[in-house]
Amino acid sequence: MFGQFVVELLKKRPELQVVREASDGLEALQKAVELRPDLILLDIGLPSLNGIEVASQMRSLVPESKIIFLTQESSAEVMQKAFCVGARGLRHREYGATRPFRCRGKLHLGNDVCQ
């Protein structure tokens, strides 16, 4: 439901093109390899393979794709895992309906949290 909300918001942006949605982690991984998108919005709580496991595999299979996680998780441990597997950002679902979803400029985040 939240994912669909985000997709609808992104479809309204003429400079963006939503190329695919996935229903579970395995499909997300398969489509990322097939389509090689610039940006992947990935739910941490995906069925079959969770988002952390998917991102870990994507890191070697589609290293050029940037990953932003969408999540209900707020624990420091989960956030650290997300960034350690290559996330460039994390968006908490709580803010989805009340704050605009914006990505401007270059996505950049160091990996200091993993060292």
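The values are calculated or read from the model by the stated rules, or taken from the named source; none is laboratory data. Quick caveat: nothing in here was measured; it's all calculated off a predicted structure. Cβ placement follows ideal geometry from the backbone for every residue including glycine, while neighbour counts extend to all protein chains displayed.
Taken over the stretch 80-115, the criterion of being modelled with pLDDT of 50 or more, in a loop (DSSP other than H, G, I, E, B) and farther than 22 Å from Glu15 by Cβ is satisfied by Val85, Gly86. Taken over the stretch 32-79, residues that are out of contact with any Ser or Thr (no Cβ under 8 Å at 6 or more places or on another chain), at pLDDT 90 or above and of a type in the set (Lys, Arg) amount to 1.
Restricting attention to the stretch 44-84 and to residues that are out of contact with any Lys or Arg (no Cβ under 8 Å at 6 or more places or on another chain) and among the β-branched types (Val, Ile, Thr), the residue that is surrounded by the fewest Cβ atoms within 10 Å (Cβ to Cβ) turns out to be Val78. Taking the criterion of being in contact (Cβ under 8 Å) with a residue 40 or more places away in the chain and more than 19 Å from Lys81 (Cβ to Cβ), the residues of the stretch 9-63 that qualify are Leu9, Leu10, Leu39.
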